[in-house]
Amino acid sequence: MKILVINGSPKGDNSNTYKLTKAFLTGMRESAEAVKEAFETEELQLSRMHIRPCLGCFSCWNKTPGSCCIQDDMQQVISKLLWADITIWSFPLYYYTVPGGLKNLIDRQLPMLLPFMVENEARPGNGSHPARYDMSGKRTVVISTCGFYTAEGNYDGVYSLFDHICGKDGYTSIFCGQGELFRVPELAQRTDEYLGYVKEAGSEYGAGGISPETGEKLNQLLYPREVFERWADLSWGIDRQNGEKESDALVFTRQMAVLYRKESYSGREQVLEMYYTDIDECYQIVMGKEGSRVVTDGSVTATTRIETPLSVWRSIAAGEIRGDEALMKQLYRVKGDFSLMLRWDDYFGGPGGRRGEAGSGSKAAGGIHIPPGETNMSIMLIPWTAFWIAMGMNDTAGSLIGIGACLLVPLLFYRNKKTLYDILSGTLVGGFALAALLGAPVRIILPLSYLAFGIMWTVTCLGKIPLTAHYSMNQYNGEDALLNPLFMKTNRILTLLWGILYLLTPVWTYYLMGTRIKPFVGALNSVAPVFMGIFTVWFQRWYPMKVARGKLN
Ligand SMILES: Cc1cc2nc3c(=O)[nH]c(=O)nc-3n(C[C@H](O)[C@H](O)[C@H](O)COP(=O)(O)O)c2cc1C
């Protein structure tokens, strides 16, 4: 497959549209590689070429048939057009049609036609000229972005042009509004999502044709009209009333406020105060039921205050630094209600939807159960707890209950993602229970089991992911949480504390097992973990808040 890309944007490599075209090409390449088809591409950057306007002399038809009298880069374009199986036309919308430079190139294709008058089979009734060369089997893709919020209604001129050239159904098009957003790093979450669909479209096109589902996703607006237009108007940095230049920080804060998703409103108006420490400017975003507004005179009381250099917050917004990492490094600090930070993606995450919708587990068509893909700490704890409580009461019954609980574990994987520690726990408890059943002394087995549990926890503190993180990540952005240094540090501390508790438990367990309270040892040993559980819940909130408040507090 030989693909020619003609990039008609005057911005060359910097073109918004070209980003879509590259994503489409990547998809096409992947689909060709999947079936081991040869894949060759050639790209022509119009911004670097010299193509003069057609002189209208018709010498390419009469004096020198097939050759233009102007000697410039157009000869190269024609030879590439003849070479390619698929030509991708990539360009911005200018005044409801193609940019002037590209129109010159299109006009200069005249030598590729013969002068005679024939019926246009693809568009009867208009008249046309036959092709000088055999162009049968060649395909055309047209990719374009425009500046208005939607492509709908803005591309009439382009449709008309390509309908005449290729025939109404003779080409595939991707037209996308809000094109300037593809160069805004702060919005990459949404634009990358869209580029993913374009890539998918490329892959499907390579395999036969773009599916209606992908076509539907490509037709979705990047952002709702009012969000986009407010954002776009602000991006000029000019005050709407007096036309004066506005402060960068104010524009930036206003753009942040535009992205507020009112669906995330949870019954309480919140006021996010942004204090830019390097330029000593402070603005407040009031986040309410109906939307957001920016207050510039500090007249409302903040619920959450972020103190940050503007440059730091810009880097975070542009995805150059992770927000949680910057917080951990104390590049900024947070005062007041920290829960806003934990739900940041819900409030400002763009229209792509909240995390977790796909993770809630569902039934596919035909009733097949799809595991929700979340880990569950109970799976790991059930065998241990059952074994410990039952073992103190009755040796044989305890062993059997321990083995039974281990056998239950694989059934629980039906709904949850398993971890190494779930499997290890099942195996260890099974081993201890079997040893007790075969006559090993319970006074030794029980403390040993606590020791094994304690070692399992403590050892993970030395590794990359502390044990509790495998489970608590479900409440904090899933596996993304594992990249969050603050989350990891909190979990490392907690895992260590739990590990130490269980490394000490065998000591008193051994003594208590020799006393009359032996039947209650399991239950008694559950008291400390209850307090530890309460402490864990508190610590998980308190520690990140303490770090967020910064060194000075
Ligand atoms: C001279 C000029 C004319 C434009 N005309 C339109 C237009 O008619 N409709 C529209 O929606 N956007 C229009 N735009 C906006 C561009 O189509 C938009 O910014 C596009 O994403 C630029 O793509 P590029 O980066 O690939 O060149 C125009 C831009 C310029 C510079």
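Structural remarks
- Residues of region 175-189 classified as within 15 Å of the ligand (Cβ to nearest atom) and either assigned to a helix (DSSP H, G or I) or closer than 28 Å to Ala32 by Cα (or both), total: 8
- Members of region 417-433 that are of a type outside the set (Phe, Trp, Tyr), out of contact with any Gly (no Cβ under 8 Å at 6 or more places or on another chain) and surrounded by 15 or more Cβ atoms within 10 Å (Cβ to Cβ): Lys418, Thr419, Asp422, Ile423, Ser425, Gly426, Leu428, Gly431
- Candidates Gly439, Gly463, filtered to the one that is free of Cβ contacts under 8 Å to residues at least 24 places away in the same chain and closer than 25 Å to Lys489 by Cβ: Gly463
- Selection status of Thr17, hydroxyl-bearing (Ser, Thr, Tyr), closer than 24 Å to Pro99 by Cβ and out of contact with any Asp or Glu (no Cβ under 8 Å at 6 or more places or on another chain): yes
- Count of residues meeting criterion [part of a helix (DSSP H, G or I) and surrounded by fewer than 16 Cβ atoms within 10 Å (Cβ to Cβ)] in region 444-476: 4
- The helices (runs of 4 or more DSSP H) found entirely in region 208-309 that carry 2 or more residues being farther than 30 Å from Glu30 by Cα and of a type in the set (S, T, N, Q) are 248-258.
- Residue in region 321-338 that is of a type in the set (S, T, N, Q), assigned to a helix (DSSP H, G or I) and not assigned by TED's automatic domain parsing to the domain that holds Asn484 present: no
- Of all the listed residues (Leu234, Leu181), the sole one being touching a residue at least 12 places away in the same chain (Cβ under 8 Å), in the same structural domain as Arg261 (by TED's automatic domain parsing) and buried (at least 16 other Cβ atoms within 10 Å of the Cβ) is Leu234.
- Where strands (runs of 3 or more DSSP E) sit wholly within region 1-120, those with at least 1 residues that are free of Cβ contacts under 8 Å to residues at least 40 places away in the same chain, away from the ligand (no atom under 16 Å from the Cβ) and surrounded by fewer than 17 Cβ atoms within 10 Å (Cβ to Cβ) occupy 40-45.
- Trp508 vs. criteria more than 30 Å from Val442 (Cβ to Cβ) and in a helix (DSSP H, G or I): no
- Matching entry among Gly153, Gly137 (being within 16 Å of the ligand (Cβ to nearest atom) and either at pLDDT 95 or above or in a loop (DSSP other than H, G, I, E, B) (or both)): Gly153
The values are calculated or read from the model by the stated rules, or taken from the named source; none is laboratory data. Not measured: the values here are computed from a predicted model. As a convention, Cβ positions derive from the backbone with ideal geometry for all residues, glycine included, and neighbour counts pool all protein chains shown.
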